[in-house]
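Q: Submitted below is the structure of interest, expressed as structure tokens.
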Amino acid sequence: LVCVGDPMQLSPVVKLTHEDTAPLAKEWLGKNVFTYLGVSIFDAIRGEKDCVLLTEQGRASPEIIAPINHFIYQDMLTSRAETATAPAIEPHPESRLLLVDTSGTEARCFKPRPKQPRENAYHARLAVILARQALESLPPRPSADDPTVPRVAILVPYRSQMALVQKKLREAQLAHLVHVGTINTVQSLEFPVVIFDTVEAPGIRPWPFTFDRMLDDHQMATDATRKLNVAWTRARYKLIVIAHRQHLHAHLPHHPEENPLRKQRLLVDLVDWTYREGCINASQLLDPLAS
């Protein structure tokens with residue numbers, strides 16, 4: 001029996017109409033085999049527990065993969081030669097990894113209703129502008145490609161933000177050209193361009209998963225690590241990250257008594273890495289007073 005998968009990405013996503021009638025299905029179909037067997041990324045790197053690490057990736061540009069390779073895969077990954085070639089895509093076509101920082105703007109995060117996930121209208125408008133620029137700068141679609149498959153994706157952590165972005169895309173007449181989804185829905189997909197909206201901004205304290213540690217006490221990836229890894233690795237040619245860097249840093253927890261690995265917060269590390277690779281302030285793209 002050969003099991004192939006990634007202990008640093010999402011466990012199987014299982015949705016049951018009546019969970020109480022299928023407890024075994026819920027338990028076993030949604031079980032992560034690596035977690036069940038206690039196989040960590042470090043076991044794979046060392047070749048322990050009958051595990052072999054596949055180290056070559058052929059999807060994303062090396063610049064996109066670099067922070068994931070460093071923080072998650074311990075610098076073990078190499079990229080195939082063909083990943084070094086990519087079209088120039090707006091905005092800032094020289095940057096394959098780009099941060100659009102909403103610090104100092106009117107970006108605000110709120111919950112429409114107490115039990116509803118959070119939204120950020122400023123980020124939603126920004127994502128639509130970025131999607132339009134990317135679509136207009138992409139080269140013609142290869143003839144072998146399925147013309148019905150979107151080449152730009154907007155990924156978000158929360159369903160309410162997904163609905164808001166979809167509404168903004170319909171208003172801009174771009175809905176048929178852009179895939180919008182939560183992170184849990186795209187693990188098996190890839191796109192030439194991905195816009196990852198982190199949503200968080202002043203108005204509400206960041207959701208706990210935003211600052212969850214990278215690894216648990218058993219050296220297994222936390223849910224936050226898995227989600228961020230999936231979101232980050234869907235892009236082939238360009239990844240644009242929308243984040244309020246100032247807000248994220250302001251709420252970064254500090255526990256000096258802990259081991260440094262336990263203090264590491266993947267989202268902030270990824271945003272800071274992207275900031276060094278290429279950054280523009282959102283105010284350059286979106287008038288704060290725009291509707």
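Q: Given segment 175-283, what strands (runs of 3 or more DSSP E) lie entirely inside it while holding 1 or more residues that are under 12 Å from the mean Cα position of the chain (by Cα) and modelled with pLDDT of 90 or more?
A: Fully inside segment 175-283 and qualifying: 178-182, 191-197, 235-243.
Quick grid of which residues meet (1) of a type in the set (S, T, N, Q); (2) touching a residue at least 40 places away in the same chain (Cβ under 8 Å):
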site: 48; (1), (2): no, no
site: 65; (1), (2): no, yes
site: 75; (1), (2): no, no
site: 82; (1), (2): no, no
site: 107; (1), (2): no, yes
site: 116; (1), (2): yes, yes
site: 126; (1), (2): no, yes
site: 130; (1), (2): no, yes
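Q: Quick one: would you say residue 35 is among the β-branched types (Val, Ile, Thr), at pLDDT below 90 and not in a loop (DSSP other than H, G, I, E, B)?
A: The answer is yes for residue 35.
Q: Determine which member of the set 78, 35 is of a type in the set (S, T, N, Q) and more than 16 Å from residue 9 (Cβ to Cβ).
A: Sole residue among the options that is of a type in the set (S, T, N, Q) and more than 16 Å from residue 9 (Cβ to Cβ): 78.
Q: Please enumerate the residues belonging to segment 18-58 that are loosely packed, with under 12 Cβ neighbours inside 10 Å and within 14 Å of residue 6 (Cβ to Cβ).
A: Those that are loosely packed, with under 12 Cβ neighbours inside 10 Å and within 14 Å of residue 6 (Cβ to Cβ): 52, 54, 56.
Q: Residue by residue through segment 53-98, note down the ones that are under 12 Å from residue 233 (Cα atoms) and not in a loop (DSSP other than H, G, I, E, B).
A: Listed by number, the residues that qualify are 57, 62, 63, 64, 65, 66, 67, 68, 69, 97.
Q: Can you report the number of residues in segment 192-208 which are open to solvent by 10 Å² or more (accessible area, probe 1.4 Å) and touching a residue at least 24 places away in the same chain (Cβ under 8 Å)?
A: Within segment 192-208, the first condition is being open to solvent by 10 Å² or more (accessible area, probe 1.4 Å), and the residues that meet it are 192, 202-208.
Now narrow it down to the ones that are touching a residue at least 24 places away in the same chain (Cβ under 8 Å): 192, 202-207.
Looking only at that region, the number is 7.
The values are calculated or read from the model by the stated rules, or taken from the named source; none is laboratory data. Everything quoted here is computed from the prediction, not taken from an experiment. With ideal geometry, Cβ positions are generated from the backbone for all residues, glycine too; neighbour counts draw on all protein chains shown. Calculation scope for accessible area: heavy atoms of the full protein, side chains included, ligands and nucleic acids excluded. Shrake-Rupley method; radii C 1.70, N 1.55, O 1.52, S 1.80 Å.
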